[in-house]
């Protein structure tokens, strides 16, 4: 049978003699075939383990897991396909690659072997150079996959350590920043006496900077909590409309600095549903804040809340420049800022929408964004009930 491999070994694979020191389990009821394979592989530095039945092969595999299995299809007792399936069932992703040895070359047999978990076929009679080339290739691939798994594991540990560090740093910074902001408010409001215009300007700068830093620290803390898999949703029956009403009222106070107005489009109030009020409020606040941030001064922002079959939909329509089509993929990713900049010099970390997406998905909901025909953008959140 012709090779199932699509041509020569890829140039990216190292040409090193990967057979030396590797163990190969040969399962074949024909002693002569086992001897031929041993004669081919032993000079290459392989350790060859022989078994005459599928059951014996599984037993030897358990005693000393090999690097690769050469498996005859036609065996007494368990056939090769069943043995291959059993190896996959027992050892999962750590199972050694299985190459079938067979005189049968029907396409149905090839398909069944691959479906059973095999990675290749060696046709009988065995051609030594072809056998060595195929075995070397699959052992190289197995080695690269092992290195990849090790690298992924190391990256995962590094990411966990990074999240822990971010969480600790954000937690330790939050209280001092909150104190700075609070003290700046006392000074600004004249609690400790009147300030000169120059002093008031400095206090306003301190207050604005500390508030922006506190937003960043809180977002970093949220992100580290979410990435560590520690996002907890505490559901209760809540009135989504009340959450939106309160958020709009407070955000309008902030929006007044840009002469922007946030209006709730009148609709029938949706029913109360099961959700985490604090987390959903965080999503609503972020979308409203973004709408104000990226809309020009003097804009009107529309907020809609409606019940559709099986879900409540919350939408925010702004009058900003919209989302560049080439950058839509960044929108809900961590630190995924687009080229669009806030219209009033506000800060943007690129974390808010990523956190919103994770909160919404934790509620089994969806969050989307699309540009409007007449300009602007609409963000929609759908929470099922």
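FYI, it's all coordinate maths here, none of it is from the lab. Since the model is a prediction, treat every value here as computed from it, not as a measurement. Glycine also receives a Cβ, built like all others from the backbone with ideal geometry; neighbour counts cover every protein chain displayed.
Take 210, 295, 179 and order them by how many other Cβ atoms sit within 10 Å, fewest up front.
179, 210, 295
Over all orientations, the range 62-202 has a Cα convex hull whose mean projected area works out to 16.9 square nanometres. Between 33, 290, 252, the GNM of the chain built on Cα springs shorter than 10 angstrom shows 33 fluctuating the most.
Any chance you could run the full-extension gain for residue 156 through residue 185? It's 0.36 nm times the residue separation minus the Cα-Cα distance, nm to one decimal.
On the way: separation 29, 0.36 × 29 = 10.44 nm, distance 4.22 nm.
Residue separation times 0.36 nm, minus the Cα-Cα distance, leaves 6.2 nm.
Counting only alpha carbon atoms, the long axis of helix 128-188 and the longest principal axis of the chain meet at about 20°.
Note on the chain: Cα-only Rg and Dmax are 32.1, 102 Å.
R0 = 35 Å: FRET efficiency of residue 178 with residue 267, Cβ-based, nearest 0.05? Before the final figure, lay out each step's value.
On the way: r = 37 Å, r/R0 = 1.05.
It comes to 0.45.
Taking 8 Å as the Cα distance limit and 6 or more residues as the minimum spacing, I'd like the relative contact order of the chain as a percentage.
On the way: 571 pairs, mean separation 37.8, N = 385.
Relative CO of the chain lands at 10 percent.
Once the Cα atoms are used to define both axes, helix 240-255 deviates from the longest principal axis of the chain by about 60 degrees.
Can you list the residues of the range 121-145 with backbone N under 20 Å from a point 7 Å past the Cα of residue 42, pointing along Cα to Cβ? Hits in the range 121-145 for residue 42 at 20 Å: 126-133, 135-136. Build a GNM of the chain with springs between Cα atoms under 10 Å apart, and of 60, 287, 220 the one that fluctuates most is 60.
Among 232, 279, rank each residue by its count of other Cβ atoms within 10 Å, from fewest to most, as a rough exposure measure. Ascending Cβ contact count within 10 Å gives the list 232, 279.
With contacts taken as Cα pairs under 8 Å and at least 6 residues apart, the range 23-126 reaches a relative contact order of 25 percent. For the chain, modelled as a Gaussian network with Cα springs under 10 Å, which listed residue fluctuates most, 47, 211, 293? Answer for the Gaussian network model of the chain: 47.
Just to confirm the number: angle between the C-alpha axis of helix 31-41 and the first principal axis of the chain, 0 to 90 degrees, nearest 10? Once rounded, the angle reads 60 degrees.
By count of other Cβ within 10 Å, fewest leading, how are 233, 36, 262 ordered?
Ascending Cβ contact count within 10 Å gives the list 233, 36, 262.
Helix content alone sets the calculated 222 nm mean residue ellipticity of the chain: runs of n ≥ 4 DSSP H residues at -39500 (n - 2.57) each, divided across all residues, give -16000 deg cm²/dmol.
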